[in-house]
Amino acid sequence: MTRPPAEPARPSRTVVISPAPTANGDLHLGHIAGPFLAADVHTRYARSQGREVALGTGFQDTSTFVLTTALRRGVRPEELVANSAAQIESTLRTMGIGVDGYTGDDDRFTKWVVDFLGRLHAAGRLEPRSVRFPYSERTGRFLVDGFASGGCPECLADGCAGLCESCGHLVAAGDLIDVKSTLDPDDPVTLREVDVLVFPVERYREQLREHFEAHVDGMRPHMAQAMARMLSQPLPDFPVTYPIQWGIPVPFAEVAGQVVNPNAEAMAWSMHCSTLAAQQRGGALTGEDELWLAGSGSEVVYFLGFDNIYPFAVAGPAMLLAFDGHYDLPTRYLTNEFYELDHRKFSTSRGHVVSGRELAAEVPRDLIRFALAATSPEHQRTSFTRDALTRITETRLVGPWNRIAERVDTHVGRTFPVSARSRRAAARVSARFAESYELAGFSLNRAAEAISDHLARLDRWQPTESQAGDFCFEVVHLLRSAAPILIDLAADVLDPGPGEVTTITPVALPRLTTGVGR
């Protein structure tokens, strides 16, 4: 008799990472609706199942977008970073994103980045190359990443150098079509060659291809398609250093005076982030890379925007491979597309933005979390509008819930039996939510849909006296299932404890309001 294949062993811990946003402004709703709410919801669910999970993020101050934003605003870059870092942390807290490790730009982090890259350098894995960069004769500045804009040589979409937001490919500044200075499009730009250190990613392409083909179920379709396309053709050298002054200085003599390419920080930052998160939860770790060592039992899960896949899923894992089996590679990437505001891209520089903190000052955060979950851009661009927020929350959440809570109130203080039929119904509800919360089929959209569907079902139910126990039990069970999203409404819901629930004594349930302080 043939035995079914054994279930893969569950990792001893899960490390959840959302790549650090650039410290050039506060988090807007696009950030929250994309990676951050998703990471928080999965983490809360997994912990409710008794699993060990650490969630980390932080801010990145080495990006050239810090400089371009500071120049546009007429402020010092250091001042912009300090204000933005505080705003980002405050917005995460305000929106209930339970981050364990929040990284910054301290000496511990910058030393680890240099150490990590230094080990690659010492092993001969980084090589000098003469690379073309756009150069501004007027400012005497090499134009990299946020300073250079033009057409992507792969998909032709307009954007900045570094990473293409449309196709996910690496975009060398010198390869941009009709390259211009982003700060001054009229500034004459020439191309100059300069020696930098690169990481030859192509040497690891076949290993990367085999790895991701074996873990294609760990990616959403758009990323899987992009990865297959990238790994089907030769990969360009990945610049590890840049000939600019803003960033982490490198100690390598052949590129004296240069700094680390911010996108080359990805793996070192991920290790630091995971260690910081685990330590904040009481983990006794001895090294920044301990959770990443081969056989350590960690599952690394990224929740990230599609535009970030190259440093975290191509160049970064290739660097891990360069350590010859010393590290395990990440296997799960939950990507999202762009979340727009009134059907236009969020833009801090143009004032087309709504921050999570601003909105939470007007609207209870459970309503915001529910609406963002319902409209999260999991597979395609979606858009936020104030009208949609009001309509979605009032019709699908606030109205049904408050009517249901009023019905439960009529039974408060008495004890009722719970039938086997109702327990079976609750088990089906749990299974539906689990399908949305587990990584294999994770979906904020479907979790929000499940909340709406079951609220509508309970709202239609006019329970008889003999059904009161079943009704109240299923209401509380739904709220417990929705707890990873509706964190405030579910905060005081008691866990029934071990064993089968056969009776229930209803308690008064809180109400939802459409505005803060109402």
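The values are calculated or read from the model by the stated rules, or taken from the named source; none is laboratory data. Being a predicted model, the structure only gives us computed values, none of them experimental. Backbone-built Cβ (ideal geometry, glycine too); neighbour counts: all protein chains shown. Surface areas here come from the heavy atoms of the whole protein model, side chains and all, with no ligands, DNA or RNA. Shrake-Rupley method; radii C 1.70, N 1.55, O 1.52, S 1.80 Å.
Is there any pair linking a residue in region 342-353 that is open to solvent by 80 Å² or more (accessible area, probe 1.4 Å) and among the β-branched types (Val, Ile, Thr) to one that is part of a strand (DSSP E or B) and modelled with pLDDT of 85 or more, with Cβ under 9 Å and at least six apart or on different chains, and which?
So the pair list comes out empty.
When you look at residue 152, is it touching a Leu at 6+ places or on another chain (Cβ under 8 Å) and open to solvent by less than 70 Å² (accessible area, probe 1.4 Å), yes or no?
Against the criterion (touching a Leu at 6+ places or on another chain (Cβ under 8 Å) and open to solvent by less than 70 Å² (accessible area, probe 1.4 Å)), residue 152 qualifies.
Looking only at region 455-492, which residues are touching a helix residue (DSSP H, G or I) at 6+ places or on another chain (Cβ under 7 Å), part of a loop (DSSP other than H, G, I, E, B), of a type outside the set (A, V, I, L, M) and surrounded by fewer than 23 Cβ atoms within 10 Å (Cβ to Cβ)?
461, 463, 488
Can you name the residue in region 374-392 that is crowded, with 22+ Cβ neighbours inside 10 Å and within 16 Å of the chain's Cα centre (by Cα) and, of all such residues, is nearest to residue 486 (Cα to Cα)?
Once the filter is applied, the top-ranked residue is 376.
Just checking, how many residues over region 12-32 are more than 24 Å from residue 80 (Cβ to Cβ) and within 9 Å of the chain's Cα centre (by Cα)?
Going through region 12-32 one residue at a time, the tally reaches 2.
Here is a check on your reading of the model: is residue 495 charged (D, E, K, R), within 37 Å of the chain's Cα centre (by Cα), open to solvent by 70 Å² or more (accessible area, probe 1.4 Å) and closer than 30 Å to residue 220 by Cβ?
no
Restricting to region 110-127, name every residue that is closer than 24 Å to residue 36 by Cβ and open to solvent by 10 Å² or more (accessible area, probe 1.4 Å).
Selection gives 112 alone.
Taking the condition of a type in the set (Lys, Arg), open to solvent by 30 Å² or more (accessible area, probe 1.4 Å), touching a residue at least 40 places away in the same chain (Cβ under 8 Å) and under 20 Å from residue 452 (Cβ atoms), does residue 396 pass?
When the stated conditions are applied, residue 396 passes them.
Going through 130, 90, 63, 136 one at a time, which residue ends up being of a type outside the set (Asp, Glu), under 22 Å from the mean Cα position of the chain (by Cα), at negative phi and surrounded by fewer than 20 Cβ atoms within 10 Å (Cβ to Cβ)?
Testing whether each residue is of a type outside the set (Asp, Glu), under 22 Å from the mean Cα position of the chain (by Cα), at negative phi and surrounded by fewer than 20 Cβ atoms within 10 Å (Cβ to Cβ) leaves just 90.
Considering region 204-215 alone, what residues qualify as being open to solvent by less than 80 Å² (accessible area, probe 1.4 Å) and either of a type in the set (Phe, Trp, Tyr) or part of a helix (DSSP H, G or I) (or both)?
204, 205, 208, 209, 211, 212, 214
From the set of residues in region 253-276 that are of a type in the set (A, V, I, L, M, F, W, C) and in contact with a strand residue (DSSP E or B) (Cβ under 6 Å, 6 or more places away or on another chain), which is nearest to residue 15 (Cα to Cα)?
The extreme case among them is 273.
Can you work out which of the residues in region 354-373 that are surrounded by fewer than 24 Cβ atoms within 10 Å (Cβ to Cβ) and small (Gly, Ala, Ser) is nearest to the chain's Cα centre (by Cα)?
The residue in question is 355.
I need the full set of residues from region 84-101 which are of a type outside the set (Val, Ile, Thr) and either closer than 15 Å to residue 26 by Cα or in a helix (DSSP H, G or I) (or both), in order please.
84, 85, 86, 87, 89, 90, 92, 93, 95
How many residues, within region 139-157, are at positive phi and in contact (Cβ under 8 Å) with a residue 40 or more places away in the chain?
Result for region 139-157: 1.
Please verify whether region 68-76 includes one or more residues that are in a helix (DSSP H, G or I), open to solvent by 30 Å² or more (accessible area, probe 1.4 Å) and in contact with a strand residue (DSSP E or B) (Cβ under 9 Å, 6 or more places away or on another chain).
no
Just checking, does region 421-442 include any residue being in contact with a strand residue (DSSP E or B) (Cβ under 9 Å, 6 or more places away or on another chain), surrounded by 20 or more Cβ atoms within 10 Å (Cβ to Cβ) and either free of Cβ contacts under 8 Å to residues at least 40 places away in the same chain or not β-branched (Val, Ile, Thr) (or both)?
Looking for residues that are in contact with a strand residue (DSSP E or B) (Cβ under 9 Å, 6 or more places away or on another chain), surrounded by 20 or more Cβ atoms within 10 Å (Cβ to Cβ) and either free of Cβ contacts under 8 Å to residues at least 40 places away in the same chain or not β-branched (Val, Ile, Thr) (or both), one finds at least one in region 421-442, hence yes.
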